[in-house]
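Please read the structure below before turning to the comments.
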Amino acid sequence: MVNNNPDTLDAVFQALADPTRRAMLALLADGERKVGELAAPFSMSLAGASKHIKALEQAGLLTREKQGRVHVCRLNAAPMAGAMDWLRHYQAFWNERLDALEQALRQGD
């Protein structure tokens, strides 16, 4: 079931608004990563990476598991389904606009 809770949607969109967090999710899409591995491509401290990871965790977009002294992160894409449902509601509006633009351009030929 899709969670359309406004607080959840806000957290997902807020997390996805940051390019570093989107890049971290892209890395996680290829498999689990240690916090240090998520931080490395951005030349940031582990504390800086941890703030981004915490935002993704609060949005439910990743899970973090402590394995000894190492924290391993995994993607959880399920909360994005609610965001997709929300966006899909506006898809008809954009499709209509694009169809009207295409028709206007064809009439100009």
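The values are calculated or read from the model by the stated rules, or taken from the named source; none is laboratory data. Everything numeric in this text was worked out from a predicted model, so none of it was measured. Here the Cβ positions follow ideal geometry from the backbone for every residue, glycine too, while neighbour counts run over all protein chains shown.
Within this structure, E102 fails the test of being surrounded by 13 or more Cβ atoms within 10 Å (Cβ to Cβ) and of a type outside the set (A, V, I, L, M). Annotation: of all residues in the stretch 61-78 being at pLDDT 95 or above and crowded, with 17+ Cβ neighbours inside 10 Å, the one that is nearest to the chain's Cα centre (by Cα) is L61.
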